[in-house]
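**Student:** So that we are looking at the same thing, I have put the structure below in C-alpha cells.
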Amino acid sequence: MKYFYWGIAAAVVLTVLAVLFVPGVDQWVEQTVLRNVGRAAR
Amino acid sequence: MKIVKEVIIVVFCLLLIPAAAFLTTAAKQRLADGPSLVFSGGPLEAGALHAGAEPDWSVVSAVPTIELQLLDPPRSRRIWTAEYEGKLYVWSGYMSTAVGRLWKHWPIQAARDGRAVIRIDGVRYERQLIRIQSGDVLDGITAAITSKYPSQTTRAAVEEGDAWLFEAAPRK
C-alpha cells in the first residue's frame, strides 16, 4: 500500500500542476463536468 | 473486513485525483477575468465600460447568458437574463431550498449590496441590482423569462421567495 499512496500523492500533484500550467487541461475538466452534469440531469 | 476497508481507502484515494482537478480548476477560474460556464470567476476587467444613454436591452433576447459581477464580493458568474419593457432583469431559482441556499450565494449578497457590473458581448455596464418581490409587473417579467428559457419561474415563485428577481437598473 505504501507505493500506492505515493503514486496517488504524485498523481494529485501532477493533476494540480497540469490544470494550472498545461493549456487546455482546465477546459477539458470543465467540459467533463458539464458532460456529467448534463447526463445526471437527463 | 480488512479487505473492505482497503477497498474503501483505494476508492477514496482514486477519487482524490478528479477532486484535485475540479478544485484546482475552480480556484484557477477565481483568478481569471470573468466566469466560465461552470465555475465562478474573478472581477470583470476586460471590455469598454459603457457610458451614456441607457442601451436598448431588447438585444439580450439573442444573448443566452451574461456575465454578472458584484462589487462586494468581487466575484463573477454566468447567468440568464431577460428584458421586459426596456428594463433588464436577472434572477435565481431554488432559493427556498437547502440546495439553493448552499449553492447560490450571489442573490443574498446582491440583496445586501446591489452594486454590480455586467458584461455583454465584451461591453461592461455598471448596474444596481434591485430586488423585486411583488407587483403586477411580475406577470410580464416572468412571461418574458419563460418565453426565452425552459424556466419554471412564475409570479407565485417570486412572491413566495423561491425565485429571487432583480432589476439590473442603471447605477446612479
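The values are calculated or read from the model by the stated rules, or taken from the named source; none is laboratory data. Being a predicted model, the structure only gives us computed values, none of them experimental. Methodologically, a virtual Cβ is constructed for each residue, glycine included, from the backbone with ideal geometry; neighbour enumeration extends over all protein chains shown.
**Student:** Applying the selection to region B:55-67, what residues are away from every other protein chain (no Cβ under 14 Å) and in contact with a Lys or Arg (Cβ under 6 Å, 6 or more places away or on another chain)?
**Tutor:** Scanning region B:55-67 gives a single hit, B:E67.
**Student:** Among the residues of region B:12-25, is any touching a residue at least 12 places away in the same chain (Cβ under 8 Å), at the interface with another protein chain (Cβ under 9 Å from one of its Cβ atoms) and in contact with a strand residue (DSSP E or B) (Cβ under 7 Å, 6 or more places away or on another chain)? Step through it out loud before you land on a result.
**Tutor:** Just the residues of region B:12-25 that are touching a residue at least 12 places away in the same chain (Cβ under 8 Å), to begin with: B:25.
Next cut, at the interface with another protein chain (Cβ under 9 Å from one of its Cβ atoms) only: B:25.
Now drop any that are not in contact with a strand residue (DSSP E or B) (Cβ under 7 Å, 6 or more places away or on another chain), which leaves none.
For region B:12-25, residues touching a residue at least 12 places away in the same chain (Cβ under 8 Å), at the interface with another protein chain (Cβ under 9 Å from one of its Cβ atoms) and in contact with a strand residue (DSSP E or B) (Cβ under 7 Å, 6 or more places away or on another chain): absent.
**Student:** Another question, then. Among the numbered criteria (1) surrounded by fewer than 16 Cβ atoms within 10 Å (Cβ to Cβ); (2) touching a residue at least 40 places away in the same chain (Cβ under 8 Å); (3) on the phi > 0 side of the Ramachandran plot, which single criterion is violated by B:G52?
**Tutor:** Single failed check for B:G52: (2).
**Student:** Another one. For region A:1-14, indicate whether the set of residues that are modelled with pLDDT of 90 or more and charged (D, E, K, R) is non-empty.
**Tutor:** From region A:1-14, those modelled with pLDDT of 90 or more are A:3-14; that's our starting set.
In the following step, the residues that additionally are charged (D, E, K, R) were identified as none.
The answer is no; no qualifying residue exists.
**Student:** Further question: Give the residues of region B:103-118 that are more than 14 Å from the chain's Cα centre (by Cα) and exposed (fewer than 13 other Cβ atoms within 10 Å of the Cβ), sorted by residue number.
**Tutor:** Residue satisfying the conditions is B:R112 alone.
**Student:** Quick check: is even one residue across region B:68-89 within 14 Å of another protein chain (Cβ to nearest Cβ), exposed (fewer than 12 other Cβ atoms within 10 Å of the Cβ) and on the phi < 0 side of the Ramachandran plot?
**Tutor:** Taking every residue of region B:68-89 in turn, none turns out to be within 14 Å of another protein chain (Cβ to nearest Cβ), exposed (fewer than 12 other Cβ atoms within 10 Å of the Cβ) and on the phi < 0 side of the Ramachandran plot.
**Student:** Being among the basic types (K, R) and in contact (Cβ under 8 Å) with a residue 24 or more places away in the chain is the filter; apply it to region B:119-172 and report the residue that is surrounded by the fewest Cβ atoms within 10 Å (Cβ to Cβ). Spell out how you get there, then give the answer.
**Tutor:** Taking region B:119-172 as the starting set, the residues that turn out to be among the basic types (K, R) are B:119, B:124, B:127, B:131, B:148, B:155, B:171-172.
Next, from what is left, pick out any that are in contact (Cβ under 8 Å) with a residue 24 or more places away in the chain: B:119, B:124, B:127, B:131, B:148, B:171-172.
Values: B:R119: 23, B:R124: 18, B:R127: 22, B:R131: 14, B:K148: 17, B:R171: 14, B:K172: 5.
Filtering first and then ranking leaves B:K172.
**Student:** Here is a list: B:S58, B:S36, B:S96. Which entry is modelled with pLDDT of 90 or more, among the hydroxyl-bearing types (S, T, Y) and assigned to a loop (DSSP other than H, G, I, E, B)?
**Tutor:** Values: B:S58 fails: assigned to a loop (DSSP other than H, G, I, E, B); B:S96 fails: modelled with pLDDT of 90 or more.
The conditions single out B:S36.
**Student:** Sticking with this one: Among the residues of region B:28-43, what is the count of those that are more than 7 Å from chain A (Cβ to nearest Cβ), closer than 12 Å to A:L20 by Cα and touching a helix residue (DSSP H, G or I) at 6+ places or on another chain (Cβ under 8 Å)?
**Tutor:** Going through region B:28-43 one residue at a time, the tally reaches 1.
**Student:** On the basis of being away from every other protein chain (no Cβ under 14 Å), at pLDDT below 95 and either part of a helix (DSSP H, G or I) or within 16 Å of the chain's Cα centre (by Cα) (or both), does B:G52 make the cut?
**Tutor:** Details: away from every other protein chain (no Cβ under 14 Å): yes; at pLDDT below 95: yes; either part of a helix (DSSP H, G or I) or within 16 Å of the chain's Cα centre (by Cα) (or both): no.
No: the conditions fail for B:G52.
**Student:** Could you please tell me which pairs satisfy a Cβ distance under 6 Å, a separation of 6+ or placement on different chains, a first residue in region A:7-20 that is more than 7 Å from every other protein chain (Cβ to nearest Cβ), and a second residue that is part of a helix (DSSP H, G or I) and of a type in the set (V, I, T)?
**Tutor:** Partner pairs satisfying both residue conditions: A:A18/A:V25.
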